[in-house]
Amino acid sequence: MPKKILLIIPFILIILITTSFFFSPKKPLPPTPLKEEELNIFIWENYLSQKVVEEFEAKFGVKVNIDTFEDTDQMFAVLQSQPEKYDLIVAEDDLVVLMKNLKLLSPLDHSMIPNLIYLKEEAKQNQYDFGNVFCLPYVAGFTGIAINEKYVKDFDQTRKILWDENYKGRISMPNNLEEVLTNALFYLGYPINTPTKEQLAKAIELALQQKDLIIGYDDPITQRNLMINEEAWIAYIYSTEVFPIQKANPNVKFFALKEGVLLWADNWCIPKDAPHKHLAHQFLNYLLDPKVSAQNSEEIGALMVNEAAKNFISPEIKKSLEGLDFPREREILFKSQYFLASTDPTIREAINLLESELFSSAP
Amino acid sequence: MKGFRFSFKTKTILILLFFGIVPLLLNGFFILSQLESYLKNKTIQNLEEIERLVAVQIEDFVAEAFNNVIFLFKTPVFSSLTVPLEEKIAEIKKIASYYPNFQDITLLDKDGRILFSSSFKFYGKFSSNFWFLQAKEKKEVIISDIYAVLDPTRPTLSFFLPILDEKNEPIFFISVQLNMEKFLEIINSVKVGERGQAFLINERGDIIAHPYRSLLFEKISPDYPLKEAVFLKKGVVEFTFREEKMVGAFRIIENFQQYPGKNWHLILAQPKEEILSLVRQIRKQIYFFLFLSSIAIALIASLLSRSITQPLEKFISAAHQVTAGNFQVQVEVKTNDEFEDLATTFNQMIKELRNSYLKLNEAKANLERQVRARTEQLETLAKSLDKEVEKRTRELNLKIEELRKSRTALINILEDVEEARKKAEEERKKTNALIVNFSDGLLFFDQEGKLSLINPQAEKFLKVNSQEVIGQSLFQLKKIPSFQPLIELLGEKIQEIFRKELKMGEDLILEVSAISVISEKEQLGHLIVLHNITREKMVERIKTEFVSLAAHQLRTPLSAIKWTLRMILDGDLGEVSPDQKALLEKSYLANERMINLINDLLNVARIEEGRYLYKPQPEDIGIIFSEVIELHKEKAERKKIEIIFKKPESLPKVLVDKEKIALAISNLVNNAIEYTLAGGKVTVEIQKREKELLCLVSDTGIGIPKDQQSRVFTKFFRATNAMRMQTEGTGLGLFITKNIIEAHGGKIWFQSEEGKGTTFYFSLPLIEN
């Protein structure tokens, strides 16, 4: 027996040595996540409570940088050319669809946002991002007309007033050309998501007629100020602007329009190349906390799509915010629509053409 | 332990194999280990070569587009302020139609607002576009990254060109979108192996060109070393792509000739599997070669060892022949070496051996002669032995004759036995007739629990035919409906029971007894006796009804007497003299006893009629006990008996009929006090168990005689010693108590020793959640 073992050992050794050439351990270690200390947010102006942000900074020991934009076209241009610049952006429904298609967004990790349970059911089952795969709905609203009742009487709740010569120089339009175009489409009674080329051409023509009647195509904050200081008497304006205006100037009333209104929802998204995705998720979860959400709502004057938050909002504020997320009148709501075709090439072309027509004669 | 034995031949073969095969295998595996890296290097070299060419094409493509943009737009038409906007737009339209490679040309004012666009197919404000802002700031042409404008399957590269006035300030901007179809073709056309692919990724790891359009703008897998690659400029890389290991070469495209580039990574990669499959093929061939060589070496080794061991074998065979006695053998080895020397010596040795052998033979012949003489003597001795045997045989024959006689006697005895058997048979028949005609039902179960006998009466009671049931086991019988109640009573294993009642139907009530049948200390089985007591029961019921009626009728006048006496005693009807009062009190007490007796009788009657209703409610049994004990305190003090009451601090409630349970407890406590001599002790205790409450009432009284213990709970029973001590008493108390406890789902039992005392136990089930 021992003799046999002695004879076999060299064979085993040889086999071990030779085979060891074929197995070389080479496993890369997973990268260790660093603590993220900075969060860069790109959002509309006055659309996020400063207090909420400061409390978040204190709680998590981080620095939050907020850049604001005046309209989402601007935001999109930045995202397209600098996808690594921001950790969180706010975008409306149609833009979410486009960014999703262009693979510009990072999917949300729901396990990091346990507060998702507080989200309104409608917001979870939305058309543009069913199940909140890429974005977290923030605020829902629509675009209607605000008028100052001191100067404007007998408003018939239609868009006719936006082309009324009597109010020349007293009308304010938003700087978002999608709004300008769909406003014209609504007024003409055309379908906003599936217009024909002829209908688009007519809408552009109509929109151009407005140019000389209005004060300008202004960003929401400018529109707000124009209405408060009564420079403008009539504004085609987002429902989210109404609360601060009415607080400063109670003469201003806001209406949904009989032709139907453009519904929209603003959403939080994390860009694909966001450098601080972990912290971004933490921020979103923090923002969904019912108390935080209520605080935020009170300050920005818009209801967040948070079911549980309602219980924490003061009753007066809640009352003045009601009806600003969706039109109260059933027949108007029935005619209202989201503008999800905004990235359809034909419509895009029309919007870009409208822009060039509106501004090419300017300089 | 016997060790392994290796022949010289085996050892020789092993040594030869070791020195032949080991170097061969070592060499073989060395080649194999080098093979993979060699092939990989070769593949990578190929990839790098192709990559270099592709990179040049990419650089050329962008550089050419760049040159075109400069050439077409850095013209006075755009920079001159005197040329009106309309003309500039016309020029753009013209260029757009000549150069379909420019999918869009947009003219912007100095703030990035759109003045004109050849297609209007884009999204987003130029004024916020990073590349536009750079062009504005640096006042030079900026090349964008490859990005998706509106369609992720159609990537675009844009140029942002500032048009400067004479003061070097931008007055307009032109944005040109490049059609990238041709560019993608460069990438598509790269063919590496069967499944090799070319990737172009940007600094952030987005795939910006790849043969599969659907993958554009997806991220390359995270194991691709993005930063390291930029630092190294070019090299070899391994990464995962769609769950497959890829091996390839990368190269950073930094500049498009003289123009600044974007740090694009051009990667040419092949699945590792594909490279390895070639390695595997070659490896297989090497293995085959190694295998063949090993066999060849083994053959040579065995041949060589044979040439060494052959002479040795000749020696061995010669040695064998010598051992067998052949001394003529000669070993012939002509190898002209040590073996030949050995052969000569060996032959000499055999010659010596032959001489010794001859001498030995002579000595042998001598010995044989002596042996023959001895044999003859032995033969004579054998003949005398034969005669002795003959004599012995004759004696044996006589003995056999004697045996034959005894056999005949034995047969006679057997005949007597047969007669006795017949008598026993007759006895058995008689017994059988007895059983068959017996008025009670009889069943007999054998030792294994199988029914072996059933008489006609039992057949009638149980409504079965004997043929159906004989030989069946208890378990099988249980399936017959009419049998079922009986079997349930008997249990799975028959125990002795004594006169248990069994209701078979409205018109048949049986009294069942099970008796072990033992014969000569051996248990034969069980006899079951079914006695029809239907009639007795009926009589009993009629009796009960009578008692009930009579008692009812008696109680009313007794109550009247009680209240009348009470009023007289309380002086409500005028003064009563002490003598009168003493007599009246005696009457009152006698009347009271009478009422109690009637009450007991009524209770018994109700129990038997099944009318003793219980209204259970959750109650604290401790409180009921305290109340009962309180009632008996005075009596106990009078008799100088100490009552001890023990209970846990908190007791769960139990479902009881308070009035009835109090009566039961009262009976037990009263008995305890009644039958305990002065100075004794009565202990009442409640214990909490898992599923029940255990209550016990124990005394240090006279106890119950052992022979009467089995009848304690029967009606009208009074122990003999109890009767001696206390002449009064109905013998109904414990009967009622037992019925009350059992109606509550509880159990009651006792332990008693005459002269020492008695302990009654009863349990009540707890309320289940």
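B:Leu631 falls short on exactly one of the conditions (1) under 15 Å from B:Ile748 (Cβ atoms); (2) not in a loop (DSSP other than H, G, I, E, B), and that condition is (1). Is it the case, given these coordinates, that A:Asn166 is within 14 Å of chain B (Cβ to nearest Cβ), more than 19 Å from A:Gly260 (Cβ to Cβ) and open to solvent by 10 Å² or more (accessible area, probe 1.4 Å)? Answer is no for this residue. Are any of the residues in region B:211-223 touching a Pro at 6+ places or on another chain (Cβ under 6 Å), over 24 Å from B:Leu276 (Cα atoms) and away from chain A (no Cβ under 14 Å)? No, the conditions are met nowhere in region B:211-223.
So which residues in region B:579-608 are open to solvent by 60 Å² or more (accessible area, probe 1.4 Å) and of a type in the set (Asp, Glu)? Answer for region B:579-608, where residues must be open to solvent by 60 Å² or more (accessible area, probe 1.4 Å) and of a type in the set (Asp, Glu): B:Asp579, B:Glu585, B:Glu608. I'd like to check something: does region B:258-275 contain any residue that is in a helix (DSSP H, G or I), more than 24 Å from B:Arg154 (Cα to Cα) and within 14 Å of chain A (Cβ to nearest Cβ)? Yes, there is a match, as at least one residue in region B:258-275 is in a helix (DSSP H, G or I), more than 24 Å from B:Arg154 (Cα to Cα) and within 14 Å of chain A (Cβ to nearest Cβ).
When only residues in region B:185-195 that are without any contact (Cβ under 8 Å) to a residue 24 or more places away in the chain and open to solvent by less than 80 Å² (accessible area, probe 1.4 Å) count, which is farthest from B:Asp145 (Cα to Cα)? Looking at the filtered set, the residue picked out is B:Ser189.
Across region A:275-306, the qualifying residues are those that are assigned to a loop (DSSP other than H, G, I, E, B) and open to solvent by less than 10 Å² (accessible area, probe 1.4 Å), and the one among them that is farthest from A:Leu79 (Cα to Cα) is A:Gly301.
Quick one: is A:Ala341 within 14 Å of another protein chain (Cβ to nearest Cβ), part of a loop (DSSP other than H, G, I, E, B) and among the aliphatic types (A, V, I, L, M)? Yes; evaluated as a whole, the condition is true for this residue. Any residue that is open to solvent by less than 50 Å² (accessible area, probe 1.4 Å) and in a loop (DSSP other than H, G, I, E, B) - is there at least one of those in region B:62-79? So far as region B:62-79 goes, yes, one or more of its residues are open to solvent by less than 50 Å² (accessible area, probe 1.4 Å) and in a loop (DSSP other than H, G, I, E, B). Of all residues in region B:494-549, those satisfying the criterion of being over 50 Å from the mean Cα position of the chain (by Cα), surrounded by 12 or more Cβ atoms within 10 Å (Cβ to Cβ) and β-branched (Val, Ile, Thr) are B:Ile509, B:Ile533, B:Thr534, B:Thr544, B:Val547.
Would you call A:Asp73 in contact with a strand residue (DSSP E or B) (Cβ under 8 Å, 6 or more places away or on another chain) and within 14 Å of another protein chain (Cβ to nearest Cβ)? Here the answer is no, as A:Asp73 does not meet what is asked. Evaluate the following for B:Val279: is it within 14 Å of chain A (Cβ to nearest Cβ) and either surrounded by fewer than 16 Cβ atoms within 10 Å (Cβ to Cβ) or part of a helix (DSSP H, G or I) (or both)? Answer is yes for this residue. When A:Lys103, A:Lys120 are screened for being at the interface with another protein chain (Cβ under 8 Å from one of its Cβ atoms) and touching a residue at least 40 places away in the same chain (Cβ under 8 Å), only A:Lys103 passes.
When region B:93-133 is filtered for residues that are more than 9 Å from chain A (Cβ to nearest Cβ) and not in a loop (DSSP other than H, G, I, E, B), the ones remaining, listed by number, are B:Lys93, B:Lys94, B:Ile95, B:Ala96, B:Ser97, B:Tyr98, B:Phe102, B:Gln103, B:Asp104, B:Ile105, B:Leu108.
The set of residues from region B:201-248 being outside any strand (DSSP E or B), among the aromatic types (Phe, Trp, Tyr) and crowded, with 19+ Cβ neighbours inside 10 Å comprises B:Phe217, B:Tyr224.
Would region A:133-153 turn up any residue that is surrounded by fewer than 18 Cβ atoms within 10 Å (Cβ to Cβ), under 27 Å from the mean Cα position of the chain (by Cα) and outside any helix (DSSP H, G or I)? Yes, region A:133-153 contains a residue that is surrounded by fewer than 18 Cβ atoms within 10 Å (Cβ to Cβ), under 27 Å from the mean Cα position of the chain (by Cα) and outside any helix (DSSP H, G or I). In the set (1) facing chain A (nearest Cβ under 10 Å); (2) over 60 Å from the mean Cα position of the chain (by Cα); (3) surrounded by fewer than 21 Cβ atoms within 10 Å (Cβ to Cβ); (4) under 27 Å from B:Asn255 (Cα atoms), the condition left unmet by B:Lys182 is number (1). Whether a residue is under 29 Å from B:Glu49 (Cβ atoms), in contact with a helix residue (DSSP H, G or I) (Cβ under 6 Å, 6 or more places away or on another chain) and not hydroxyl-bearing (Ser, Thr, Tyr) was assessed, and B:Leu178 passes this test.
Annotation for region A:177-199: at least one member residue is assigned to a helix (DSSP H, G or I), under 26 Å from the mean Cα position of the chain (by Cα) and either under 30 Å from A:His110 (Cα atoms) or of a type in the set (Asp, Glu) (or both).
Only one entry in A:Val96, A:Val90, A:Val53 is farther than 29 Å from B:Ile146 by Cβ, away from chain B (no Cβ under 12 Å) and of a type in the set (A, V, I, L, M), namely A:Val53. Of the strands (runs of 3 or more DSSP E) lying entirely inside region B:668-769, those containing at least 1 residues that are without any contact (Cβ under 8 Å) to a residue 60 or more places away in the chain span B:681-688, B:747-753.
Do any helices (runs of 4 or more DSSP H) entirely within region B:443-539 hold 1 or more residues that are without any contact (Cβ under 8 Å) to a residue 60 or more places away in the chain and among the basic types (Lys, Arg), and if so, which?
In region B:443-539, the matching helices (runs of 4 or more DSSP H) lie at B:456-462.
Taking every residue in region B:349-369 that is free of Cβ contacts under 8 Å to residues at least 40 places away in the same chain and pairing it with any residue that is assigned to a helix (DSSP H, G or I), at least 6 positions away or on another chain, the pairs with Cβ-Cβ distances below 7 Å are B:Ile350/B:Val322; B:Leu353/B:Val322. Does region A:182-204 contain at least one residue that is over 23 Å from A:Asp344 (Cβ atoms) and crowded, with 18+ Cβ neighbours inside 10 Å? Within region A:182-204, not a single residue is over 23 Å from A:Asp344 (Cβ atoms) and crowded, with 18+ Cβ neighbours inside 10 Å.
Here the condition is being within 30 Å of B:Phe250 (Cα to Cα) and of a type in the set (Gly, Ala, Ser); of B:Ser277, B:Ser317, it holds for B:Ser277 alone. Scanning region A:81-115 for residues that are farther than 28 Å from A:Pro345 by Cβ, open to solvent by less than 10 Å² (accessible area, probe 1.4 Å) and assigned to a loop (DSSP other than H, G, I, E, B) returns A:Asp87, A:Ile113.
Of B:Ser452, B:Ser482, all but one fail to be over 30 Å from B:Arg711 (Cβ atoms) and in contact with an Asp or Glu (Cβ under 7 Å, 6 or more places away or on another chain); the exception is B:Ser452.
Of the residues B:Glu728, B:Glu692, the single one that is open to solvent by 40 Å² or more (accessible area, probe 1.4 Å) and at pLDDT 85 or above is B:Glu692.
The values are calculated or read from the model by the stated rules, or taken from the named source; none is laboratory data. Computed from a predicted model, the values in this text were never measured in an experiment. For neighbour counting, all protein chains shown are included, and Cβ atoms are generated from backbone atoms with ideal geometry for every residue, glycine included. Surface accessibility is based on the protein's heavy atoms, side chains included, excluding ligands, DNA and RNA. Shrake-Rupley method; radii C 1.70, N 1.55, O 1.52, S 1.80 Å.
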